1. Within the range 192-238, how many residues are at pLDDT 95 or above, within 29 Å of Lys366 (Cβ to Cβ), part of a loop (DSSP other than H, G, I, E, B) and among the hydrophobic types (A, V, I, L, M, F, W, C)?
2. Select from the range 98-111 the residues that are closer than 18 Å to Ile196 by Cβ and in contact with a helix residue (DSSP H, G or I) (Cβ under 9 Å, 6 or more places away or on another chain) and write down the one among them that is surrounded by the fewest Cβ atoms within 10 Å (Cβ to Cβ).
3. State which residue is surrounded by the most Cβ atoms within 10 Å (Cβ to Cβ) when the search covers only the range 3-42 and only residues that are in a helix (DSSP H, G or I) and of a type in the set (A, V, I, L, M, F, W, C).
4. Could you list all residues from the range 149-171 that are touching a residue at least 40 places away in the same chain (Cβ under 8 Å) and either surrounded by 18 or more Cβ atoms within 10 Å (Cβ to Cβ) or in a helix (DSSP H, G or I) (or both)?
5. If you check Thr315 against the conditions, is it under 28 Å from Asp39 (Cβ atoms) and of a type in the set (Val, Ile, Thr)?
6. Being touching a residue at least 12 places away in the same chain (Cβ under 8 Å), hydrophobic (A, V, I, L, M, F, W, C) and closer than 27 Å to Gly368 by Cα is true for just one of Val7, Val86. Which residue is that?
Amino acid sequence: MEFNRPVWAEIALSKLRKNFKEIQKLTRNRKIIGVVKADAYGHGALQIAKTLEEEGIYSIATASMEEALTLRESGIKIPILTLGYVDPKTLNIAAKSNIQVTMFDKNFIKRLKEYKHKEILKIHLDVDTGMGRLGVLPQEVPQIVEEISRIKNIKLDGIYTHFSSADSDINYTKEQLSTFKSILNLLKRKDLLPPIVHAANSAAILNLKEIYFNTVRPGIILYGLSPSNDTLEGFEPILSYKARTIFTRKVPKGKSISYGRTFTTERDSLLATIPVGYADGLPRALSNKGEVLIKGQRARIVGTITMDLTIIDVTNFPYIHPGNEVVIIGKQGNEEITASEIAKKIDTINYEIVTRIGKRVKRIYKDGD
C-alpha cells in the first residue's frame, strides 16, 4: 500500500530520447558520455541511464563511485566514468565493475603503482586548462602519461578537460581549447594519445563545434534545459513538477499568512495550500514572489514557503477545491513555468532548481506521446 502525498515529478523519457538524438545529430554521431551525476540532475539516474543505454549511448558519467556502483548493481552495463574523487582502496572494485576512474592529481600515480590486481583499470586524465577546480596541470601531462603507460594493468583510456565559460566567454574557452590541443598534439607525436578525447560539455556542444573531438560529454541539454540564459532550440525539457491542492480557505482582508507574517491579505481572499515545501526543493527564496499554475492560470505564492507546505492565492479563480492540479514546473493550458524562469527569480541557475527536487517527490516515468 502506498501513502503518497499528492506531489510528483513526471519525466518524459520520449523527450529524453529526442534530446539524445538531437545531440547525435549536432555532433555527427560522435561517441557520447551522458552525465547522470546527482541522480541525473534530479531526474532519476537509473531510469535515465536505462533509457540512454537503450538508445545506444557509449558511456555515462557520475560524480562518485557510490553513484556508479548503484547504477551497475541495478543492471546498467555500459561503461561508467566517475568524474570526482575515488578512494584508492576501491580501485579493484572499479576495475571489476567496468567503472572508469578520473585521475586529476599527479600524486595519484603512487596509488596506481600500488595497484596489483589482474583486472585492467581504465583511467581518464583530467587536465586543468583553466577551470581551476580539479585536474593535472598541462605541463605535468607528458610525464604522467609516460608513467601510466609503464604501470601493469592500468590503461589510460581517455583524456579530457572542462570549460569554465563555454556558455558566456568564447574567447576564454578558445584559450582553454588551444592549451588542450597543444597537449593532445604532443601526446600524439609521442604515440601516447589515449583513444577517447572529450571536452565538449553542453554549452560547448551548442556553441563550438571545433571542441567535439571524438567524444562529447553533455549534461544539462540531455534534460532539455539550457546551459545559459539563451533559448534552447531543438531540445525540450523532460521534467514536469506537480502537486494537488489539499486545503482551501476564505480569509478576510488583513489576515497574516505563514511564518514571520511576511504576507498580509490586502482583500478578502481565497487561499489554497499545496503539500510542497523547501524540503521538496521548492526554494524558500520564492516566498511572496514565486508562481504556480492552476486552472491554466498563474497563481502567486503568498507567505513564507515552509518545509512541507506552500500557500497560493487563488482569489477569483474558477471553482477551486482540494484536488486541483498545480504545476510548479511545466505546462498547463497555454501557460508554462520553466526551471530557468524560477532560477532567474532567485538569482541562481536551472541546474540547481531541478537537482534540489527532493527524494520524497515521487518520479513518474512516461515513455510515449
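1. 3
2. Result: Asn98.
3. Among them, the one singled out is Ala40.
4. Ser149, Ile154, Asp157, Gly158, Tyr160, Phe163, Ala166, Asp167 - these are the residues of the range 149-171 that are touching a residue at least 40 places away in the same chain (Cβ under 8 Å) and either surrounded by 18 or more Cβ atoms within 10 Å (Cβ to Cβ) or in a helix (DSSP H, G or I) (or both).
5. Criteria not met by Thr315.
6. The unique qualifying residue is Val7.
The values are calculated or read from the model by the stated rules, or taken from the named source; none is laboratory data. These numbers were taken from a predicted model, which means no experiment stands behind them. Cβ atoms come from the backbone with ideal geometry, glycine included; neighbour counts cover every protein chain shown.
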